[in-house]
Amino acid sequence: MFRPQVTSLACPHCGFSYQVPIYAIIDAQSAPELKQAFLSGQINVSQCPSCKQINAIATPILYHDAENEFLGIFIPPQINIPQDKRQKIIGDLTRSLMDALPPEKRRGYMLTPKEFFTQEKMAETILGFDGITPEMIAATRRKMELVQKLLTLQEDEAAFEAAVNNNKADIDSEFFNMLTQIIAASQELDEEEASQLDELREKLLPLTPDGQRILRQREAVEKLGDRPTRQQILQIIEESDIDQVQAIAIVALPLLDYQFFSMLTERIEQSSGEAAEALAEKRAAILDIQETIRQQEESELRAVVDFLQQLLQAEDLEAAVRQNINRINSVVMAVLQANLEQARASNDTVAIQRLGELWQTINRVIEESLPSEIRLLLDLLSAPYPEGTKAILEAHKGNLPPNFTQILNSTIADLEKQEAEEAKQQARHLRNVLTQASLM
């Protein structure tokens with residue numbers, strides 16, 4: 001609903017100037033992804049394209065949740081705004097929110113937004129609406145602090161062992177899930193930190209019951225190999241416990257079809273006593289996993305279809321796309337492409353025109369929102385070498401973005417790390433462009 005304001009930021013680490021989107025209003029219902037970004041501390045946070053450092057911009061944020069009739073505002077203390085100006089900011093943001101809503105959705109609570117003096121307190125209130133209590137938040141915070149503590153103790157075996165023994169209750173499945181998420185986030189930002197965290201996880205796994213369960217699941221999945229047959233999967237399931245079977249059910253999902261269940265049912269009928277009961281229990285566990293995944297996929301697909309329908313029914317298609325650009329991801333584009341192909345197959349000219357218009361609008365808005373150096377990089381990637389790339393470089397001669405050579409080198413390095421042949425071809429293409437640029 002609310003578009004970000006794009007502003008230029010000079011990276012405080014390297015001085016490189018780039019454009020970043022700044023969000024002042026978050027509406028929980030129309031932009032749930034912004035809600036998650038706020039709760040995780042990632043709102044108005046960007047990575048410098050040049051030095052890769054993370055930069056956070058301190059700015060007032062108005063948060064609206066119509067379902068819970070909640071309107072809150074957080075003004076970072078570091079921007080040091082006088083009280084009279086604070087009230088003006090609150091009033092301006094509140095009016096912007098109400099002006100964007102139809103009259104029937106404006107409510108009295110919007111006239112008195114609750115002011116928070118820390119982002120953490122505002123986040124706690126928001127999480128409370130989702131049933132996440134302060135105790136749960138405190139437990140998560142305690143686990144985060146334990147991760148940091150264990151990182152500092154890795155070289156001191158005695159102290160590390162004592163810390164693990166004293167905190168075994170907190171080193172549970174939630175702890176390992178959180179640690180895995182932290183590692184995934186760190187891999188995009190700091191490879192050395194991600195490596196240290198990964199080393200910590202591997203060191204902890206054999207030391208706690210939940211960690212040992214994860215290791216057993218990993219062992220069962222590794223037994224599957226790259227291309228297991230249904231017969232091999234059945235054999236491994238027979239040899240595995242329930243925890244391992246649940247992990248196998250997720251990894252081998254495409255092969256757990258009618259043919260597989262026929263084989264499993266036949267094996268149960270051939271067995272007797274405890275062996276038959278154990279196999280029946282494993283079959284039930286697999287079916288439960290499949291049903292859970294099916295429901296999740298259906299729910300996600302319905303949400304995507306509903307979202308696309310909202311866009312297609314909008315009077316101003318471009319405005320609707322711009323307002324919702326942060327909700328458009330690869331899944332949305334895949335569903336849109338599938339609908340477009342279906343319309344072409346049935347020769348539905350009206351649907352083809354509208355879906356095609358939406359496809360083109362999304363791609364145009366995405367391209368326009370990219371920083372100039374990224375747009376130039378994409379143009380060079382898609383242009384034929386050497387004539388096409390030469391024409392683009394000549395058109396930008398004398399006004400290439402600052403540090404563009406550094407950006408090229410960084411992109412080439414990232415592509416060369418990937419195993420896909422397409423990525424390697426792109427790396428070779430850009431390396432040729434880099435040589436071409438240096439000779440001009």
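The numbers here are math on the coordinates, done by the rules we state, and not lab data. Everything numeric here is computed off the predicted structure, so don't read it as measured data. In this analysis, Cβ positions are derived from the backbone assuming ideal geometry, glycine residues included, and neighbour counts consider all displayed protein chains.
Quick notes
- Short-range pairs are left out: with C-alpha atoms under 8 Å and at least six residues apart, the relative contact order of the chain is 9 percent.
- Where labels lie 7 Å past Cα in the beta-carbon direction, separation of Leu253 and Ile22 in nm: 4.1
- Highest-fluctuation residue, Glu373, Glu193, Glu421 considered, GNM on the chain with Cα pairs under 10 Å: Glu421
- Solvent-free Debye calculation, one equal scatterer per alpha-carbon of the chain: log10 I(q)/I(0) at 0.06, 0.10, 0.12 Å⁻¹ equals -0.38, -1.10, -1.43.
- Protection proxy ranking for 272-278, 340-346, using the average of other Cβ atoms within 10 Å per residue and placing the highest first: 340-346, 272-278.
- Karplus-derived HN-Hα couplings along the range 77-84 (A = 6.51, B = -1.76, C = 1.60, θ = phi - 60°), whole Hz, x at Gly and Pro: x, 5, 7, 6, 8, x, 4, 5
- Extents of the range 295-440, largest first, come to 52, 33, 29 Å (Cα atoms, principal axes, whole angstrom).
- Pair-distance distribution of the range 135-207: all C-alpha pairs, bin width 5 Å, starting at 0; shares per bin in whole percent are 3, 16, 29, 27, 17, 7, 1.
- Restricting the range 163-272 to trypsin sites (Lys or Arg not before Pro) in coil, as DSSP defines it, with at most 16 other Cβ within 10 Å: Lys168
- Backbone HN-Hα couplings from phi across the range 204-220 [Karplus 6.51/-1.76/1.60, Hz, Gly and Pro as x]: 7, 3, x, 9, 9, x, 5, x, 5, 5, 4, 5, 5, 5, 4, 4, 5
- Principal semi-axes of the equivalent ellipsoid, √(5λ) from the alpha carbon gyration tensor of the range 226-286, are 18, 13, 10 Å from largest down.
- Evaluated over the Cα positions of the range 5-132, the convex hull gives a direction-averaged projected area, one quarter of its surface, of 8.5 nm².
- Within the chain, helix-based [θ] at 222 nm, where runs of 4 or more DSSP H residues each add -39,500 (n - 2.57), nearest 500: -21000 deg cm²/dmol
- Relative to its Kirkwood radius, the Cα radius of gyration of the range 370-438 gives an Rg/Rh of 0.94.
- Per-peptide packing, taken as the mean over residues of other Cβ atoms within 10 Å, places 293-304, 252-263 in the sequence 252-263, 293-304 from highest down.
- Rounded FRET efficiency, nearest 0.05, which uses the C-beta distance separating Cys14 from Glu277 and R0 of 51 Å: 0.20
- Whole-number D in µm² s⁻¹ for the range 314-368, Kirkwood Cα-pair radius fed into Stokes-Einstein, 10 °C, 1.306 mPa s: 137
- Here is the list for the range 25-91: GluC sites (Glu not before Pro) lying in DSSP coil, each with at most 13 other C-beta atoms within 10 angstrom of its C-beta, are Glu67, Glu69.
- Highest average first, the peptides 106-114, 151-159 ordered by how many other beta carbon atoms sit within 10 Å of their residues are 106-114, 151-159.
- Ile43 long-range amide H proximity, modeled H, under 5 Å: Phe38
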